[in-house]
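Read through the structure below, which is laid out as structure tokens, and then see the notes.
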Amino acid sequence: MERYYQEEIERASRDEMLAIQNEKLLKQVRHVWDAVPYYRKKMEEKGLTPDDIKSVDDLGKLPTLSKADLREAYPYGLLGCDLKKCVRIQSTSGTTGKRVVAFYTLEDIDLWEECCARAITAAGGTEEDVCQVSYGYGLFTGGPGLNGGSHKVGCLTIPTSSGNTDRQIMFINDLGATILCCTPSYAAYLGERMKEMGLGPDDIPLKAGIFGAEAWSEEMRHDIEQTLGIKAFDIYGLTELSGPGVSFECSEQSGMHINEDHFLPEIIDPDTGEVLPEGSEGELVFTALDKEAFPLIRYRTRDICSLSREKCSCGRTLVKMKKPKGRSDDMLIIRGVNVFPSQIETVLLNHGYAANYQIIVDRVNNTDTLDVQVEMTPEMFTDNLGEIEKRQKDLVDGLKSMLGLKAKVTLVAPKSITRSEGKAVRVIDKRKI
């Protein structure tokens with residue numbers, strides 16, 4: 001039987017949801033106009049005032065925000081309330097420049113944790129469950145978000161954070177953890193380590209996993225489900241909007257329900273900014289409808305996906321987003337071809353390899369090169385050069401079929417690619433562009 005954390009919202013009619021969104025949007029636009037001079041200036045440049053926004057139908061009139069705006073306004077330029085009302089910050093990893101620092105009031109944290117509680121409940125979680133949160137804590141949003149959501153559901157919560165893998169496995173088994181929350185690459189690593197310890201799916205108490213913070217393929221999902229003997233659920237979020245829990249998967253596992261009473265989605269053309277019809281693939285844009293301390297309106301996520309309102313067997317009426325195929329800023333353009341790491345992962349898993357790989361992009365004599373280093377599994381490891389060359393050729397052919405371009409494939413020994421306890425580093429781009 002399907003469970004809901006807030007059934008009246010999760011199963012609201014379209015008219016009921018629109019009424020909630022309209023009321024919150026008008027209030028939020030007024031709040032941002034009054035409290036955030038940076039965004040007010042952007043509205044004034046477009047000749048807009050809050051009176052021009054009458055409903056969600058007018059959302060497209062408003063200016064968008066991007067990561068560049070967040071960097072320019074760092075640290076306090078997008079703050080939407082008095083600093084003394086804020087009780088916490090969270091921050092991105094800052095791998096592409098200045099960190100994004102997001103602010104939270106107590107009310108913001110409460111709403112965020114409710115969203116995570118919806119996700120845990122959709123994965124089958126109840127107060128009877130033991131939830132092990134193996135996302136990083138500290139500035140990263142993964143640990144704190146799922147930790148709070150687990151408390152709201154009433155699960156016994158094990159806040160292991162990431163790392164110390166053997167201790168993670170000890171707690172899973174000794175405390176009977178039934179739900180695991182971490183990045184998919186770390187879940188795959190935990191499964192690999194358990195297998196080395198002689199633990200099969202029947203020896204592990206886990207029944208579900210909630211995995212996010214990085215793109216992962218359906219093939220990787222099936223791999224994790226088989227190794228750990230669980231059902232693996234996707235969860236999505238961004239620090240800029242709160243963290244995990246912006247959307248979540250249900251038992252149907254065919255896309256993630258957006259908590260659209262808090263986060264209003266649009267799909268736009270990433271090049272022109274034009275709003276696209278529902279069902280179109282494009283860049284996902286979100287408006288945080290009731291965040292007080294960091295109230296982003298029309299924030300460009302760079303995630304490429306589509307939205308669907310097809311009826312879901314779980315009974316939820318919340319709009320669904322397809323699993324993003326990758327971020328437009330994670331997309332590699334190699335010899336004019338768009339390449340997402342998830343496409344390469346799909347080919348590798350379909351050929352029987354684990355998701356331990358690294359993509360190295362370079363430029364030699366003005367031509368892009370693509371080198372995919374792939375770990376052999378212990379079962380397939382061999383020093384027979386003929387066998388290795390055949391396997392490499394099979395992968396080269398598989399990648400050419402998927403991507404439409406030729407890649408170099410190098411098979412390497414098991415465990416020779418560094419394991420990640422957080423987000424996996426999949427791409428090394430050495431080009432000077």
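Overview of results
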item: 0 to 90° range, to nearest 10: angle between helix 184-196 axis and the chain longest Cα axis; result: 30 degrees
item: Given charges at Cβ of Lys, Arg, Asp, Glu: segment 45-134 dipole, positive-most of I53, L79, T126; result: L79
item: Ratio of the Cα radius of gyration of segment 332-429 to 2.2 N^0.38 Å, where N counts its residues; result: 1.05
item: Highest to lowest packing among 26-37, 272-283, 177-188, 109-120, scored as the average C-beta count within 10 Å; result: 177-188, 109-120, 26-37, 272-283
item: For segment 1-327, fraction of C-alpha pairs farther apart than 35 Å, in %; result: 19 percent
item: Over the chain, relative contact order from alpha-carbon pairs under 8 Å, at least 6 apart, %; result: 14 percent
item: Interchain or long-range residues, amide H under 5 Å from I158's placed H; result: C131, Q132, V133
item: Principal-axis tilt of helix 165-174 within the chain, Cα atoms, nearest 10 degrees; result: 80 degrees
item: Dipole-positive endmost among S242, M331, I267 within the chain (Cβ charges, Cα centre); result: M331
item: Cα-based reach from K406 at 22 Å (exclusive), listing lysines while leaving out same-chain residues under 8 positions away; result: K325, K390, K393, K430, K432
item: Size of charge dipole - segment 67-158 - debye, nearest 20, with Cβ of Lys, Arg +1 and Asp, Glu -1, no other charges; result: 500 debye
item: Most fluctuating residue given options Y357, Y236, Y74, as computed from a GNM of the chain linking Cα atoms under 10 Å; result: Y74
item: Choice from K207, K152, K390 with maximal GNM fluctuation in the chain (Cα, 10 Å cutoff); result: K390
item: Karplus (6.51, -1.76, 1.60) ³J(HN,Hα), θ = phi - 60°, over segment 365-382, in Hz, Gly and Pro reported as x; result: 6, 6, 10, 5, 10, 10, 10, 10, 9, 10, 6, 6, 6, x, 5, 9, 5, 8
item: Acute angle (nearest 10 degrees) that the helix 385-403 long axis makes with the longest principal axis of the chain, alpha-carbon atoms; result: 30 degrees
item: Choice from L79, L70, L405 with maximal GNM fluctuation in the chain (Cα, 10 Å cutoff); result: L405
item: Nearest-20 debye value, segment 1-327 charge dipole, Cβ charges on Lys, Arg, Asp, Glu; result: 840 debye
item: Average Cα contact separation per residue, segment 313-433, under 8 Å, 6 or more apart, as relative contact order %; result: 28 percent
item: Beta bridges per DSSP with both ends in the chain, % antiparallel, nearest 5; result: 65 percent
item: Per-residue [θ]222 nm for the chain (sum of -39500 (n - 2.57) over DSSP H runs n ≥ 4, rounded to 500); result: -9500 deg cm²/dmol
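None of the figures in this text is laboratory data; all of them are computed from the coordinates on show. Quick caveat: nothing in here was measured; it's all calculated off a predicted structure. Heads up, the Cβs are rebuilt from the backbone with ideal geometry, glycines too, and the neighbour counts pull from every protein chain shown.
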